[in-house]
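One structure is given below, encoded as structure tokens.
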Amino acid sequence: MSLVSALNDLQREHGYLTEQTMRHLSVERRVPLHAIQAVVSFYPHFRTSAPPATTVAVCRDMACHLAGGGDRICEKLKTALSSRDVDVHTVSCLGRCEQAPALAINE
């Protein structure tokens with residue numbers, strides 16, 4: 001199993017990658033800790049802190065942008081949900097162009 005796959009599995013199991021989890025993987029795989037940390041810092045989907053309770057992904061691609069989505073909706077949602085444990089961010093196409101503007105809550 002590749003290092004990225006192992007990290008994905010650990011993140012899926014624990015919700016995020018702790019220093020202890022990465023140290024354990026380093027010993028188990030005989031890979032220097034700095035090399036594991038480099039992989040984790042390179043890929044944006046890896047988390048090193050607890051994720052928020054809710055994640056909202058707002059599509060920013062053309063169909064959603066033309067339908068009033070993207071950055072405009074994202075900023076409104078960030079403002080409206082600022083007091084809650086929610087991460088609101090834009091993403092590339094969610095595959096719902098026929099229902100634009102699209103967003104996904106917790107995937």
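Are there trypsin sites (Lys or Arg not before Pro) in region 26-107 that DSSP puts in a loop and that have at most 11 other Cβ atoms within 10 Å, and which ones? Spell out each step's value before the answer.
Values: sites: R29, R30, R47, R60, R72, K76, K78, R84, R96; in loops: R30, R47, R60, R84, R96.
Sparse-neighbourhood loop trypsin sites (Lys or Arg not before Pro): R30, R84.
Give me a comma-separated list of calculated 3J(HN,Hα) values for region 43-52, in order, Karplus coefficients 6.51, -1.76, 1.60 applied at θ = phi - 60°, integers in Hz, x for any Gly or Pro.
Once rounded to whole Hz, the list reads 8, x, 7, 7, 10, 10, 9, 4, x, x.
What is the set of long-range amide H partners of V91 at a cut-off below 5 Å, with H atoms built 1.01 Å from backbone N?
Residues meeting the criterion, in which the H sits 1.01 Å from N, are V58, C59, R60.
For E107, put the label point 7 Å out on the Cα→Cβ axis and report which residues of region 1-37 keep their amide N under 13 Å from it.
Residues passing the 13 Å test: 8-16.
Any cysteines in the chain with zero other Cys Cβ atoms under 4.7 Å from their Cβ? List them, or say none.
So, C74, C93, C97.
What is the Å³ per residue value for the convex hull set by the Cα atoms of region 1-63? Don't skip to the answer; put the middle values down first.
Numbers: hull volume 6.8 nm³, N = 63.
Dividing the Cα hull volume of region 1-63 by its residues yields 108 Å³.
Largest first and in whole Å, what are the equivalent-ellipsoid semi-axes of the chain based on the Cα gyration tensor, each being the root of 5 times an eigenvalue?
Working: eigenvalues 223, 46, 21 Å².
The answer is 33, 15, 10 Å, longest axis first.
Using the Cα centre as the reference, give the magnitude of the dipole from point charges on the C-beta atoms of the chain (Lys, Arg: +1; Asp, Glu: -1; all else neutral), rounded to the nearest 20 debye. Don't skip to the end; give the middle numbers.
On the way: 11 positive and 11 negative charges, 26 e Å.
Approximately 120 debye in magnitude.
Which value, in Å² and to the nearest 10, is the accessible area of M1 when all protein chains are kept and the probe is 1.4 Å?
Probe radius 1.4 Å; accessible area of M1 about 150 Å².
The values are calculated or read from the model by the stated rules, or taken from the named source; none is laboratory data. Just so you know, these numbers come straight off a predicted model, no measurement behind them. In this analysis, Cβ positions are derived from the backbone assuming ideal geometry, glycine residues included, and neighbour counts consider all displayed protein chains. Remember, those area values only see protein heavy atoms, side chains included, never the ligands or the DNA or RNA. Shrake-Rupley method; radii C 1.70, N 1.55, O 1.52, S 1.80 Å.
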